[in-house]
Amino acid sequence: MSLEMTSELESKYHSKLKGDSLMILGMLALLIGVETFVIGKVLSATWEISSGFSYLYIVFVGLVVGIEAIGCLRVRDSIRNHMFEFRYYD
Amino acid sequence: MSEESASLVKTLRPFHVWALGVGIVLVGEYMGWNFTVAKGGILGALLAMLVAGTMYVIISLCASELGSATKLAGGPYDWARLFVGPGAAASVGLAVYMEYIALEAADAIVVASIASAIFPELQVFPITLLVIALLTFINYRGVVAALTLNFFLTMTAFIAIIMFFFATVFGVVNIHPEYLFEGAIPHGMIGLFAALQFGPWFYLGIEGAAMCAEECKHPSRAVPLGQQAGMITLLIGAAMTLYLCAVLIPTDMLGVSVYPLFEAAQNSGVFFFIAFLGLGTFLTCLASANGCVCDSSRSWFALSRDNYVSSWFSAVHPKYNTPYRAVIFTMPVAIGFAFSGFLDQVITFSIASGLLCYVMIPFSLIRFRTLFPETSSKIRPFVGPLQPYIAYLAIALALTILSTLFWGYKYNLIFAFVFYGIAYFYFSYKQKNSTAENNWVSMGWPEPRGSPKARVSKEVNGIEFGNDE
């Protein structure tokens, strides 16, 4: 009975973790899509002027998206590692 | 329950953290950010958005790590107190207080101005007082109610931006792509640099999300998840806002617009979006003021709890479990700021205060990692990536943005340096005679690396080890 409850709890935890992971992934996908669209539109419309320093935009958008993506993956790992210890989903 | 035994209630969840952070900041996407366009054109605004975005992504990661580790209400103040020192802590605590209380005053005036524009028989002065009093009362009654309200206000305002953006992308709204080229870079390369000073408007205050850590049910999950979700929301909102306004408002008008998103909706000619973005502007100001009452009161409460200001403010309400005296005290200060007659100066002071925090938060993280290198779940349940390298990058970006305030706000910057310099030396002197020490044991932490007690403990262990041999 106790084993059944544990596996039930475990599956509940994994399903909740999947929910958190999907939310993070969905938001990251939207972020990458919107950033690419907006920067692409602005740079292509102003290419005659911005071509000389367009690398500035590429570097900083890379930093924003790259650091945020790695940060979000770390958040997911942290939740996965501590979810049973701190009983996140009770 | 007496006031002495009462403590802050631990009920908040990740969506409350999101609501607190995004609620405070989203107003900056509805108004204020467009001054970047006046300085540097569309390309300047885009660069300011990305540079400030990089800094805030790092600050958010630092705040997530520090907030989930310390689990204290003071946020940047408590991090500086624990890992830097009393003078820096008091300066940061005051900076956070000033940053949020000045924003609250500005938000309340905008809410009153919008209400007065819709109903001309209403006057700005009494409505501003009413808004400040109402939000103070909601925060007095309980943090859950205040932040649940913030969640709905903020979500509505954010959905308005998303719907308007996708309608524009899919051709429902007629756009003017030629505006992008016409106003690309009106003041040359120097404009690109000068535009950085208004970049923080897109994200100013997001670090405040971590200030509800002490009231979270599971801070080690709620703070990092809510904070990072909030940061992504703002990055998405910032890019959408910039695009919408840039293709719907001519650049020379965009740079001086008071409500740029609402104006973009008006230019679209679609009634639904005009009404929705108008409502969004109103709601986001309310949400921002509400979040500011929450965060400024927590900062004052934390300062009071450690006797930096009168300990009278550190009382917790026996029934509602809120720092009610600190909450009520936000009211006269916000009213004073609102009717000082120098609101633009107050807002600039708020930005300068915020930038001081953006230097101190990554510095606190660097010190935290030096003092407590262990990564056990008790000390550091969330370990941020690429540290301490990105913390140094955030400090460099904050100092660069701070330096751009010299274009037009030289005296505000000097005043801020003098104000926080005096605070630093005054509180360092005041705390020098204090015997109070950080009680690491009560936090369940070991003594920090390099402290006298840690050295004694190490020596004792060494002797015991030697004896065993």
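The values are calculated or read from the model by the stated rules, or taken from the named source; none is laboratory data. Quick caveat: nothing in here was measured; it's all calculated off a predicted structure. Positions of Cβ are backbone-derived with ideal geometry, glycine not excepted, and every protein chain shown enters the neighbour counts.
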> Which numbered condition trips up B:K71, out of (1) touching a strand residue (DSSP E or B) at 6+ places or on another chain (Cβ under 8 Å); (2) buried (at least 24 other Cβ atoms within 10 Å of the Cβ)?
Replying inline: (2)
>> Residues that are buried (at least 24 other Cβ atoms within 10 Å of the Cβ) and touching a helix residue (DSSP H, G or I) at 6+ places or on another chain (Cβ under 7 Å): does region B:3-10 have at least one?
In response: no
> Just one of the numbered conditions (1) in contact (Cβ under 8 Å) with a residue 12 or more places away in the chain; (2) touching a Ser or Thr at 6+ places or on another chain (Cβ under 7 Å) is not true of A:L63; which one?
Replying inline: (1)
> away from every other protein chain (no Cβ under 13 Å), surrounded by 16 or more Cβ atoms within 10 Å (Cβ to Cβ), within 23 Å of the chain's Cα centre (by Cα) and more than 30 Å from B:G67 (Cα to Cα), is that true of B:I109?
Replying inline: yes
> If you check A:S78 against the conditions, is it assigned to a helix (DSSP H, G or I) and within 10 Å of chain B (Cβ to nearest Cβ)?
Replying inline: yes
> Which residue, of B:A209, B:A229, is within 11 Å of chain A (Cβ to nearest Cβ), under 15 Å from B:G21 (Cα atoms) and part of a helix (DSSP H, G or I)?
Replying inline: B:A229
> Considering only region A:28-47, how many residues are part of a helix (DSSP H, G or I) and at the interface with another protein chain (Cβ under 8 Å from one of its Cβ atoms)?
Replying inline: 11
> Could you say whether any residue in region B:407-416 is in a helix (DSSP H, G or I) and either at positive phi or of a type in the set (K, R) (or both)?
Replying inline: yes
> Can you tell me how many residues in region B:164-193 are touching a residue at least 12 places away in the same chain (Cβ under 8 Å) and either within 12 Å of chain A (Cβ to nearest Cβ) or over 30 Å from B:L20 (Cα atoms) (or both)?
Replying inline: 19
>> Residues to consider are B:P200, B:P219, B:P177, B:P260; find the one that is modelled with pLDDT under 95, more than 20 Å from the chain's Cα centre (by Cα) and crowded, with 24+ Cβ neighbours inside 10 Å.
In response: B:P260
> For region B:384-413, which residues satisfy the criterion of being surrounded by 17 or more Cβ atoms within 10 Å (Cβ to Cβ) and within 12 Å of another protein chain (Cβ to nearest Cβ)?
Replying inline: B:G384, B:P385, B:Q387, B:I390, B:A391, B:L393, B:A394, B:L397
> of a type in the set (S, T, N, Q), within 25 Å of B:V293 (Cα to Cα) and part of a loop (DSSP other than H, G, I, E, B): does that describe B:S340?
Replying inline: yes
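Could you tell me which of the residues B:A246, B:A194 is touching a helix residue (DSSP H, G or I) at 6+ places or on another chain (Cβ under 7 Å) and either modelled with pLDDT of 95 or more or surrounded by 24 or more Cβ atoms within 10 Å (Cβ to Cβ) (or both)?
Residue meeting the stated conditions: B:A246.
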> Within region B:414-445, can you find the residues that are exposed (fewer than 12 other Cβ atoms within 10 Å of the Cβ) and touching a Lys or Arg at 6+ places or on another chain (Cβ under 9 Å)?
Replying inline: B:G444
> From B:L204, B:L196, B:L153, which residue is outside any helix (DSSP H, G or I), closer than 29 Å to B:Q228 by Cβ and not basic (K, R)?
Replying inline: B:L204
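Could we say that A:S50 is of a type outside the set (K, R), modelled with pLDDT under 95 and crowded, with 18+ Cβ neighbours inside 10 Å here?
Against the criterion (of a type outside the set (K, R), modelled with pLDDT under 95 and crowded, with 18+ Cβ neighbours inside 10 Å), A:S50 qualifies.
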> What is the one condition in (1) assigned to a loop (DSSP other than H, G, I, E, B); (2) without any contact (Cβ under 8 Å) to a residue 12 or more places away in the chain; (3) more than 14 Å from chain A (Cβ to nearest Cβ) that B:P446 does not satisfy?
Replying inline: (2)
>> Taking the criterion of being within 14 Å of chain A (Cβ to nearest Cβ) and under 30 Å from B:L356 (Cβ atoms), would at least one residue in region B:247-270 satisfy it?
In response: yes
>> If I ask for residues that are of a type in the set (G, A, S) and over 16 Å from B:V17 (Cα atoms), which ones from region B:64-86 would you list?
In response: B:A80, B:G85
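Kindly indicate the residue of region A:66-75 that is facing chain B (nearest Cβ under 7 Å) and of a type in the set (A, V, I, L, M, F, W, C) and also farthest from B:H218 (Cα to Cα) among those meeting that condition. Give the derivation first.
To start, the set of residues in region A:66-75 that are facing chain B (nearest Cβ under 7 Å) comprises A:67-68, A:70-72, A:74-75.
Of the ones still in play, those that are also of a type in the set (A, V, I, L, M, F, W, C) are A:67, A:70, A:72, A:75.
Values: A:I67: 24, A:I70: 22, A:C72: 18, A:V75: 14 Å.
Here the answer is A:I67.
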> Out of B:A63, B:A38, B:A48, which single residue is within 14 Å of chain A (Cβ to nearest Cβ), part of a helix (DSSP H, G or I) and closer than 30 Å to A:E48 by Cβ?
Replying inline: B:A48
> Applying the selection to region B:394-418, what residues are without any contact (Cβ under 8 Å) to a residue 40 or more places away in the chain and closer than 21 Å to B:L303 by Cβ?
Replying inline: B:F417, B:V418
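Which residue, of A:S7, A:S11, A:S44, is of a type in the set (G, A, S) and more than 27 Å from B:H218 (Cα to Cα)?
Exactly one residue qualifies, and that residue is A:S44.
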> From B:A326, B:A289, which residue is in a helix (DSSP H, G or I), within 30 Å of B:Y429 (Cα to Cα), at pLDDT 90 or above and out of contact with any Pro (no Cβ under 9 Å at 6 or more places or on another chain)?
Replying inline: B:A326
>> within 7 Å of chain B (Cβ to nearest Cβ), farther than 14 Å from B:A184 by Cα and among the aliphatic types (A, V, I, L, M): which single residue out of A:L25, A:L63 fits that description?
In response: A:L63
